[in-house]
Amino acid sequence: AAGPRLDGRVSAVLGIDPFVGTGALDRVTEAGADLNDPGVGVRLAGVGSSNVAANDAVAGSTTRWHLRRWLRATPAFAGAARPDLPAAIARLRLNGAQRLAVAGWFLAPGLLPDRIARLAREADPSVIVAGPLGPDPRIAGLVLERYDVAAARLAA
């Protein structure tokens, strides 16, 4: 109450942009997954939210990956959404995945990405775990784009 009056805006979420799915796919490739290997199963791990649209963005990326590249791609969530990581791993194994990789829907390292990596390694010590999305210049560009849109609304 004693501080200056602040006015803020919330931008559109990043996860709905196709660059996020592409960035996650690139990060898992950089981590060493051979996406041309038919025995690789890829899990796209997201936070898991009460916001159905956010969960659908993660699931939608795996559906696009499945249609374009693999028979074995599935979403997994660290929070309340389903499937959780162990269930996603079981689904991939049932569908014939012999090697596992995890792509993350996370901008930076932290508690949830660490939890995903730990659970994945408990299930398969040889799993490939991709790093966060933040270092990808396309993601930085997307953040700046969202900022510009929100700032333009504030100026109007």
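The values are calculated or read from the model by the stated rules, or taken from the named source; none is laboratory data. If you're wondering where the values come from, they're calculated on a predicted model, not measured in any experiment. FYI the Cβ positions are ideal-geometry reconstructions off the backbone, even for glycines, and counts take in every protein chain you see.
Would you check which residues across segment 118-140 are closer than 17 Å to Val13 by Cβ and either among the β-branched types (Val, Ile, Thr) or touching a residue at least 24 places away in the same chain (Cβ under 8 Å) (or both) and list them? Result: Pro132, Leu133, Gly134, Asp136, Arg138, Ile139. Evaluate the following for Thr74: is it β-branched (Val, Ile, Thr) and without any contact (Cβ under 8 Å) to a residue 12 or more places away in the chain? Criteria not met by Thr74. So Arg121 clears everything in (1) crowded, with 20+ Cβ neighbours inside 10 Å; (2) part of a helix (DSSP H, G or I); (3) at pLDDT 85 or above except one condition, right? Which one? Among (1) crowded, with 20+ Cβ neighbours inside 10 Å; (2) part of a helix (DSSP H, G or I); (3) at pLDDT 85 or above, Arg121 violates only (1).
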